[in-house]
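The values are calculated or read from the model by the stated rules, or taken from the named source; none is laboratory data. Keep in mind that this is a model prediction, so the values were computed, not measured. Cβ: placed from backbone, ideal geometry, glycine included. Neighbour counts: every protein chain shown. To get the accessible areas, we keep the full protein, side chains included, count just its heavy atoms, and leave off ligands, DNA and RNA. Shrake-Rupley method; radii C 1.70, N 1.55, O 1.52, S 1.80 Å.
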Amino acid sequence: MTERLRIRRPDDWHLHVRDGAMLTRVVPYTAAVFRRAIIMPNLVPPITTAEQVRAYRARILAAAGPRHFQPLMTCYLTESLEPDALARAYEDGDFIAAKLYPAGATTNSDQGVRDVANIAPVLRRMQDIGMPLLIHGEVTDADVDVFDREEAFIERVLRPLVAAYPSLRIVLEHVTSAAGVAFVQSAPETVAATITPHHLMINRNALFQGGIRPHHYCLPITKTETDRRALRKAATSGNRKFFLGTDSAPHARHDKECACGKAGIFNAMDALGLYVQVFEEEHALDRLDLFTSLNGPMFYDLPVNLDTVVLEKGHHRVPDSIDTGPHQVVPFMAGETIPWRVVSVESAA
Ligand code: DOR
Ligand code: ZN
């Protein structure tokens, strides 16, 4: 008999869908499974205004088609953002949160923040109005090893930030290290973290398996096996501070397979199945829906979903690539066989 699993429909609390032809092709993969997704604002130019985000949201909804899907939009924090404008857009429901990219830390982050002291008025206002701050937690200092950037960020920036803004709600996005997990666990209730499927599945050896593997390159970079184990333990623990965020980040194949390849892993096609695989391997399927479907809404103070998703166990082959208009994108686990895949979404309505 086919093995099936039914879970409460999840949300993706960290997602990149890009724009244009790429957006049109990648959004349906997410909208087919997830009820809501927090959309990252690192476009060129970045999403910083209510006007921009309304138009972007409409393009995402058009790509999602008739699927029951809600994009939750975020504002890209720059050092010139006005607290009043941000607060208004939050109160009008245009933005659900704001994203802090340290300048130079990752894809399209050059207009990000050089020093958090420079955005103190914005952070104070966010704290006052209850607007969550989503953080790419890596320093860019040249003296810090690329594998230590998250831990250095925690000590140099995040720990002081949490102390300075005790009621600001903060998500350490895509936590990747044992140090990051320990920090989140010991931090006040205001601090939570998302975890990606790829950081649960691969360590840094995967970057160099038989040669250099550009499709395993993302930021923060994958870390040691000890770090990966700490992430698995945190995700499967049931602790309400940890929830699903795929960080699916598509790039055209030629932008990954070149002399200076871009960071980002496109996992939207099979993200939920990969999380299920991890929870099954950890004998924690009984805690799956906390991570996928309950802890996130609790943090964001949103209703939980009533729809359900059915997954089937089998031998599912991940395609080698997908066409996104003029270019191709290579998905995470391309060409491999994976056990779990979503077969249907059942609406409660
Ligand atoms: O790997 C990544 N890709 N990490 C990020 O922080 C950004 C993302 C992207 O936008 O490509
Ligand atoms: Zn991201």
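Tabulated data
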| item | result |
| --- | --- |
| Residue check, residue 107 within 20 Å of the chain's Cα centre (by Cα) and farther than 18 Å from residue 171 by Cα | yes |
| Residue match in segment 310-332 (condition: at pLDDT below 95 and touching a Ser or Thr at 6+ places or on another chain (Cβ under 9 Å)) | yes |
| Segment 220-271: number of residues that are assigned to a helix (DSSP H, G or I), buried (at least 24 other Cβ atoms within 10 Å of the Cβ) and within 15 Å of ligand 1 (Cβ to nearest atom) | 1 |
| Odd one out for residue 111 among (1) within 16 Å of ligand 1 (Cβ to nearest atom); (2) touching a helix residue (DSSP H, G or I) at 6+ places or on another chain (Cβ under 9 Å); (3) open to solvent by 10 Å² or more (accessible area, probe 1.4 Å); (4) not charged (D, E, K, R) | (2) |
| Those residues of segment 196-206 which are more than 14 Å from ligand 1 (Cβ to nearest atom) and buried (at least 21 other Cβ atoms within 10 Å of the Cβ), in sequence order | 200, 201 |
| Pick from segment 3-22, criterion closer than 19 Å to residue 293 by Cα and open to solvent by 40 Å² or more (accessible area, probe 1.4 Å), ranking: farthest from ligand 2 (Cβ to nearest atom) | 4 |
| Restricting segment 63-81 to residues that are open to solvent by 60 Å² or more (accessible area, probe 1.4 Å) and in contact (Cβ under 8 Å) with a residue 24 or more places away in the chain, the residue that is farthest from residue 32 (Cα to Cα) | 70 |
| Total residues in segment 282-304, condition under 16 Å from residue 339 (Cα atoms) and free of Cβ contacts under 8 Å to residues at least 12 places away in the same chain | 1 |
| Among residues of segment 240-263, those that are more than 20 Å from residue 274 (Cβ to Cβ) and either over 18 Å from the mean Cα position of the chain (by Cα) or within 16 Å of ligand 2 (Cβ to nearest atom) (or both), counted | 10 |
| Qualifying residue in segment 105-112 (condition: more than 16 Å from ligand 2 (Cβ to nearest atom) and either in a loop (DSSP other than H, G, I, E, B) or among the β-branched types (Val, Ile, Thr) (or both)) | no |
| Odd one out for residue 278, checked against (1) within 14 Å of ligand 1 (Cβ to nearest atom); (2) within 20 Å of residue 6 (Cα to Cα); (3) not in a loop (DSSP other than H, G, I, E, B) | (1) |
| Tabulated pairs, segment 336-349, first closer than 16 Å to residue 6 by Cβ, second open to solvent by 40 Å² or more (accessible area, probe 1.4 Å) and among the hydrophobic types (A, V, I, L, M, F, W, C), C-beta under 8 angstrom, 6+ apart or interchain | 342/32; 345/32; 348/306 |
| Residue 74 vs. criteria in a strand (DSSP E or B) and polar (S, T, N, Q) | yes |
| Flag if residue 291 is within 16 Å of ligand 2 (Cβ to nearest atom), open to solvent by less than 50 Å² (accessible area, probe 1.4 Å) and not aliphatic (A, V, I, L, M) | no |
| Filtered residues of segment 1-33 (kept if without any contact (Cβ under 8 Å) to a residue 60 or more places away in the chain, more than 16 Å from ligand 1 (Cβ to nearest atom) and of a type in the set (A, V, I, L, M, F, W, C)) | 1, 31 |
| Test: residue in segment 135-158 that is in a loop (DSSP other than H, G, I, E, B), crowded, with 18+ Cβ neighbours inside 10 Å and away from ligand 2 (no atom under 16 Å from the Cβ) | yes |
| Condition met for residue 25 (farther than 23 Å from residue 275 by Cα, open to solvent by 40 Å² or more (accessible area, probe 1.4 Å) and not small (Gly, Ala, Ser)) | no |
